[in-house]
Amino acid sequence: PLAALPVGVGRGFPSVEINQTAANNVGLQKGNVAPNFRLVLADGRHISLQDLRGQPVLINFWATWCGPCRLEMPEIVSLAATNADLVVLAINVQESIEQIQPFAEEFQMTLPVVRDTDGSLRNLYEVRGMPTSIFIDRNGKIFTTWAGMLTMDLLQEIVADLG
């Protein structure tokens, strides 16, 4: 499914689209199915979180003004580059493409850089601060949530446990 996205930095900078039924989720506890959402490209092509079942997923919420986000991004980009099976979705919260693109280029973010322009995905996932990362297992269930900066050691430990 990720092959549907263009190649290169930002992978087309898709935007988030949430189906309202996803907003009626039972909660974000470990073991619950992660709320579904779609990544939509300007040309209308899209993929959903559900389409990624069978692969572990890391959803990382960040912003360009966030110091800890800036510090952890090289680790996340490196993890994505060295773990072909892991899908990493970098969710930028409420910033313009003019703010996002230079950041994505600086960190060579060749993973999907997703624009949560109105903060609806952040709200759906109950993100209180940034960075926040949500790890989803191969069955589409929440494995763990990490509020705060991730180190490479911690990332590797969680991904190893995630399978």
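The values are calculated or read from the model by the stated rules, or taken from the named source; none is laboratory data. Nothing here was measured: the structure is a model prediction, and the numbers come from that model. Positions of Cβ are generated from backbone atoms using ideal geometry, with glycine treated the same way; all protein chains shown enter the neighbour counts. Note: areas computed on protein heavy atoms with side chains; ligands, DNA, RNA excluded. Shrake-Rupley method; radii C 1.70, N 1.55, O 1.52, S 1.80 Å.
For the chain, modelled as a Gaussian network with Cα springs under 10 Å, which listed residue fluctuates most, L71, L111, L79?
Looking only at L71, L111, L79, the biggest GNM fluctuation is shown by L71.
Apply the membrane-span-like helix rule to the chain: whole DSSP H runs, Cα extent along the own long axis of at least 20 Å, mean Kyte-Doolittle hydropathy at least 0.0. List the helices found.
Flagged H segments are 67-82.
Percent of accessible area on region 70-163 owned by carbon and sulfur, 1.4 Å probe?
46 percent
How large is the accessible surface per residue of region 81-163, computed with a 1.4 Å probe and reported in Å² as a whole number?
47 Å²
Would you kindly calculate the translational diffusion coefficient of the chain, applying Stokes-Einstein with the Kirkwood radius from alpha carbon pairs, for 37 °C and a viscosity of 0.692 mPa s, and quote it in µm² s⁻¹ without decimals?
Rounded, D is 211 µm²/s.
Please identify the chymotrypsin sites (Phe, Trp or Tyr not before Pro) of region 24-98 that satisfy two criteria: DSSP loop assignment and at most 14 other Cβ atoms within 10 Å. Which are they?
Taking region 24-98 and a limit of 14 other Cβ atoms within 10 Å, the loop chymotrypsin sites (Phe, Trp or Tyr not before Pro) found are W65.
Is the shape of region 45-107 best called rounded, prolate or oblate, per the rule: a/c under 1.5 gives rounded, else a/b larger than b/c gives prolate, else oblate, with a ≥ b ≥ c the square roots of the Cα gyration tensor eigenvalues?
oblate
Along the Cα→Cβ direction, 7 angstrom out, place labels at T117 and N36. What is the inter-label distance in nm?
Going from the T117 label point to the N36 one covers 2.3 nm.
Once a ≥ b ≥ c are taken as the square roots of the eigenvalues of the Cα gyration tensor of region 1-80, is the result rounded (a/c under 1.5), prolate (a/b larger than b/c) or oblate (a/b not larger than b/c)?
Since a/c reaches 1.5 but b/c is at least a/b, the shape of region 1-80 is classed as oblate.
Given the options N139, N92, N123, which has the most mean-square fluctuation in a GNM of the chain, springs set between C-alpha atoms less than 10 angstrom apart?
Among N139, N92, N123, the largest GNM mean-square fluctuation belongs to N123.
Largest first and in whole Å, give the semi-axes of region 72-163's equivalent ellipsoid, each being the square root of 5 times a Cα gyration tensor eigenvalue.
The three semi-axes for region 72-163 are 21, 17, 12 Å.
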